[in-house]
Amino acid sequence: MIHALQILLLLTFPLLVLAAGLRDVTSYIIPNWISLVLAAAFPVAALALGLPLPLIAVNLAVGAVGLGLGVAMFALGWIGGGDAKLFAAAALWLGLPAAPTYLAVIGLAGGALAMGLLLLRSVYVRPYMPRNPAWFARLAQPGENVPYGVAIAVGALAAFPLSALVAHV
């Protein structure tokens with residue numbers, strides 16, 4: 001039987017990932033504290049939920065690979081620094097069973113996000129978009145960046161049910 005503490009620990013991930021995606025779309029900033037809390041909460045959640053140490057090690061390795069990929073994508077200018085940190089912190093929680101789904105859904109969500117922003121920023125649609133709230137007007141601004149934390153959040157939320165952490169409970 002799952003206890004209230006276990007539910008709270010499991011809810012940490014989706015709530016923080018959702019907060020990161022919403023914050024990115026509204027401000028183009030993913031606060032460092034979100035990625036730090038995700039990274040710090042994983043070992044607590046993994047141990048409290050009884051995840052075996054070998055699986056914890058696998059998740060740590062996946063998180064390290066995620067950090068390397070995030071740094072590489074940041075260095076290439078594909079994503080921002082907050083996106084890279086969120087990418088790695090989510091990879092840590094998801095581990096190997098969920099990693100392929102995580103990457104595939106991020107790619108699909110990122111493509112859909114880019115296509116939606118291209119449409120929103122087009123000369124045909126932009127004149128009809130509301131100017132308020134200010135964050136929405138910024139999204140519609142041609143040449144503005146893409147809040148890729150949204151795609152990362154969608155991928156993370158889609159893959160979370162497949163993670164070893166959730167499967168173990």
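Side notes on the structure shown:
- Cα long-axis angle, helix 53-75 against the chain (0 to 90 degrees, to the nearest 10): 20 degrees
- Value at 222 nm in deg cm²/dmol, rounded to 500, when DSSP H runs of n ≥ 4 in the chain each add -39,500 (n - 2.57): -25000 deg cm²/dmol
- Per-selection Rg to Rh, the chain - Cα, Kirkwood hydrodynamic radius: 1.03
- In Hz, Karplus ³J(HN,Hα) per residue of the stretch 97-107 (6.51, -1.76, 1.60; θ = phi - 60°; x = Gly, Pro): x, 9, 4, x, 5, 4, 5, 5, 5, 4, x
- R0 of 35 Å, Cβ-Cβ distance LEU119-VAL44: FRET efficiency to nearest 0.05: 0.25
- Separation of alpha-carbon centers, the stretch 1-63 and the stretch 64-99, rounded to whole Å: 14 Å
- Across the chain, C-alpha contacts under 8 Å between residues 6 or more apart give a mean separation that, scaled by the residue count, equals a relative contact order of 32 percent.
- Computing FRET efficiency as 1/(1 + (r/R0)^6) for VAL37 and ARG126, where r is the C-beta to C-beta distance and R0 is 30 Å, gives about 0.25.
- Cα-based shape type of the stretch 64-111, given that a ≥ b ≥ c are square roots of the gyration tensor eigenvalues and the cut on a/c is 1.5: oblate
- Charges were assigned to the Cβ only: +1 to each Lys and Arg, -1 to each Asp and Glu. The resulting dipole of the chain about its Cα centre is roughly 340 debye.
Taken together, the values in this text are just the output of simple stated rules run on the coordinates, not laboratory data. The structure displayed is predicted, hence computed values, not measured ones. Positions of Cβ are generated from backbone atoms using ideal geometry, with glycine treated the same way; all protein chains shown enter the neighbour counts.
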